[in-house]
Amino acid sequence: MIAVCRTDEIATGESVKFDADVPIAVFNADGEFYAVDDTCSHQDASLSDGFLEGCYVECPLHAALFDLRTGMPSCLPAKRPIRTHMVSVEDGWIYVNVAGQSEEVA
Amino acid sequence: MDTIAVVGASLAGFSTAQQLRAIGFDGRLVLIGSEAQLPYDRPPLSKGFLTGELTADDLPLAEQTDFDELAAEWELGRTAVALRPEQAAVELDDGRTIEADGVVVATGASPRSLPGTEGIAGIHLLRSLADAERLRADLSTGSPRVAIIGAGFIGAEVAASCRTLGLDTTLIDTTELPLAGLLGDEFAGVCARMHTEHGVQLRYGAKVSELRTDGSRVTGVALSTGELIDADVVLVGIGVAPNIDWLAGSGLALGDGVLCDSGCVTSNPAVVAVGDVANVYRPDRGTRARTEHWTSATQQAATAAGNLLLSNTTQEVQSVPYFWSDQHGVRIQFAGTPQPADEITVVDGAVDDRRFVANYVRDGQLVAVLALNNPRAFARARRAIGRPAVAA
Ligand SMILES: Cc1cc2nc3c(=O)[nH]c(=O)nc-3n(C[C@H](O)[C@H](O)[C@H](O)COP(=O)(O)OP(=O)(O)OC[C@H]3O[C@@H](n4cnc5c(N)ncnc54)[C@H](O)[C@@H]3O)c2cc1C
Ligand code: FES
């Protein structure tokens, strides 16, 4: 679990990025927080720079859309999903459980 | 509708095919494409593919499973030679015809060549993977001197890639300041300075008077100024022409491309046109426009697919034209439809840092946005196009 920031530090429609094994982006989609790998599965673009529409983030470079709940791309040019990570909120803090990392650490 | 034939199996054709399936078309789908490859991505051809960062394996537009899921018949390496609306058929170069009740024209565009250059070794055009493979092979044979004719986006990107490869590179253009008509003088100047800072020799405001050869291979480019640029490799990047020759006699209204209404529907309601070949009516401008950008092709695909299935224009293309370009490690992003008299203001970042967003404003409306290395601010600013501009 990584404590990322306080909930009020990410406004609705905004995001923050932090470094785990790879950069991870946390989005505030209308009050729900989602964490996904920050690097687009298509080429080199940072999804935290992208535009959020509902639960979808649009890649800032070639406009692929990713569903933040599943990591699945919903249009070209992205072909592969991005990893999603568990988010929990406690006492106003956002925690991210980076997928695959807890097993490695254990 | 039982059968839809998609002519041109690249970005626009493949995207339209995917959209047709996504909105429920479960009939026969035939994709006809001149190139032997399954659909692949062109933008890397002037960028990472030339520098060796990417290979042909990185280029397919989709995974094999996505191609399979389309459940289409692929006629690759086959060229459509005629569209016969009265028989509702597409005629192929092997003499066969594909009968179809709906047709998607997605034949793209071909680069213009300089007259008299055919068959001279070392002279290149760049559109296809085959073109890029030939160019890359030439660029990696020894340490060739490269001359690029035409400083549009393709020429500029190839110049940048050649510098990444450490090659002696000259970029030639007839205009004094290429891209000024699009970006305005200040930012066209920034693009020119990026080239010089990265060691590209600029010959702007110079016409090519002659290509010198040793009989079989190019040796140099003679300019109207009297200068001779020695060159072992020449790239000609002077624009493209839409691939519409095969549509002569089809009855479709043609001009600079296939003329369409605002929903990509041609003069025949059973035929839509998408991508670089489509000349689409833009209600906001009151004229038609052909857009040679990646995202235009994918956005038009969704509109065209819906209208084709209904044989009626129920949707219009909504998108604001957008393109990106990568040169000398700088990502340029531009959206909108500017005019020379627009008022331009930098609203985020600084021009000297090569990291900024600039707004183009006309009559108080935001009409275009340019960004260098600032994707985040760009992604937000571009959504405000068409709305009243907020004072900086
Ligand atoms: C080197 C390069 C770099 C680019 N970089 C960028 C960029 O950075 N940003 C950006 O926004 N855009 C860029 N573009 C533009 C973008 O790639 C095009 O807008 C896009 O490819 C258009 O797709 P299309 O399917 O309409 O046409 P094309 O991709 O041209 O596809 C048309 C296909 O139809 C086939 N065809 C033609 N005639 C026939 C026929 N009679 N029968 C059967 N098949 C036929 C052709 O062989 C081709 O495969 C670049 C283009 C190139 C070439
Ligand atoms: S880098 Fe994200 S869609 Fe291309």
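The values are calculated or read from the model by the stated rules, or taken from the named source; none is laboratory data. Being a predicted model, the structure only gives us computed values, none of them experimental. Glycine gets a Cβ as well: all are built from the backbone with ideal geometry, and neighbour counts include every protein chain shown. All accessible areas refer to the heavy atoms of the entire protein, side chains included, with ligands and DNA or RNA removed. Shrake-Rupley method; radii C 1.70, N 1.55, O 1.52, S 1.80 Å.
For the reader, a short list of remarks on this structure follows.
- Of the strands (runs of 3 or more DSSP E) entirely within segment B:269-354, those holding at least 3 residues that are crowded, with 19+ Cβ neighbours inside 10 Å occupy B:271-273, B:278-282, B:322-327, B:330-336.
- Restricted to strands (runs of 3 or more DSSP E) entirely inside segment B:12-117, those with at least 1 residues that are away from ligand 1 (no atom under 13 Å from the Cβ) and out of contact with any Lys or Arg (no Cβ under 8 Å at 6 or more places or on another chain) are B:28-33, B:80-84, B:89-92, B:97-99, B:102-105.
- No other residue among B:E133, B:E63, B:E69, B:E53 is within 19 Å of the chain's Cα centre (by Cα) and over 25 Å from B:G257 (Cβ atoms) apart from B:E133.
- Only one of the numbered conditions (1) out of contact with any helix residue (DSSP H, G or I) (no Cβ under 9 Å at 6 or more places or on another chain); (2) closer than 30 Å to B:L165 by Cα; (3) among the acidic types (D, E) is not met by B:D94, and that is (2).
- Qualifying residue in segment B:1-9 (condition: surrounded by 21 or more Cβ atoms within 10 Å (Cβ to Cβ) and within 12 Å of chain A (Cβ to nearest Cβ)): no
- Checked against (1) touching a residue at least 60 places away in the same chain (Cβ under 8 Å); (2) over 22 Å from B:A109 (Cα atoms); (3) open to solvent by less than 10 Å² (accessible area, probe 1.4 Å); (4) aliphatic (A, V, I, L, M), B:L50 meets all criteria but (2).
- Filtered residue count, segment B:263-279, keeping only those that are more than 15 Å from the chain's Cα centre (by Cα) and within 16 Å of ligand 1 (Cβ to nearest atom): 5
- Residue list for segment B:179-200, restricted to those being closer than 23 Å to B:A132 by Cβ and away from ligand 1 (no atom under 16 Å from the Cβ): B:H195, B:H198, B:G199, B:V200
- Looking only at residues of segment A:76-93 that are open to solvent by less than 50 Å² (accessible area, probe 1.4 Å) and assigned to a loop (DSSP other than H, G, I, E, B), we find that the one that is farthest from the other protein chains (Cβ to nearest Cβ) is A:G92.
- Of all the criteria given as (1) without any contact (Cβ under 8 Å) to a residue 12 or more places away in the chain; (2) more than 26 Å from B:S250 (Cβ to Cβ); (3) more than 20 Å from the chain's Cα centre (by Cα), the one not satisfied by B:E91 is (2).
Matching residues to (1) in a loop (DSSP other than H, G, I, E, B); (2) touching a residue at least 60 places away in the same chain (Cβ under 8 Å):
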| site | (1), (2) |
| --- | --- |
| B:G119 | yes, no |
| B:L126 | yes, yes |
| B:E133 | no, yes |
| B:A137 | no, no |
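- The residue of segment B:1-11 that is nearest to B:T164 (Cα to Cα), among those that are in contact with a Leu (Cβ under 7 Å, 6 or more places away or on another chain) and away from ligand 1 (no atom under 11 Å from the Cβ), is B:I4.
Table: residues versus (1) crowded, with 19+ Cβ neighbours inside 10 Å; (2) farther than 25 Å from B:L139 by Cβ; (3) among the hydroxyl-bearing types (S, T, Y).
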site	(1), (2), (3)
B:Q19	yes, yes, no
B:Q37	no, no, no
B:P43	yes, no, no
B:A80	yes, yes, no
B:V104	yes, yes, no
B:S113	no, no, yes
B:S128	yes, no, yes
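Yes/no matrix, rows are residues, columns are (1) more than 13 Å from ligand 2 (Cβ to nearest atom); (2) within 25 Å of B:I332 (Cα to Cα); (3) among the small types (G, A, S):
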{"position": "A:A25", "(1), (2), (3)": "no, yes, yes"}
{"position": "A:D30", "(1), (2), (3)": "yes, no, no"}
{"position": "A:S41", "(1), (2), (3)": "no, yes, yes"}
{"position": "A:G54", "(1), (2), (3)": "yes, no, yes"}
{"position": "A:P60", "(1), (2), (3)": "no, yes, no"}
{"position": "A:L65", "(1), (2), (3)": "no, yes, no"}
{"position": "A:M72", "(1), (2), (3)": "yes, no, no"}
{"position": "A:M86", "(1), (2), (3)": "yes, no, no"}
{"position": "A:D91", "(1), (2), (3)": "yes, no, no"}
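- Only one entry of B:Q315, B:Q333 meets the criterion of being more than 17 Å from B:R285 (Cα to Cα) and either touching a Phe, Trp or Tyr at 6+ places or on another chain (Cβ under 7 Å) or in the same structural domain as B:G286 (by the TED database) (or both), and that entry is B:Q333.
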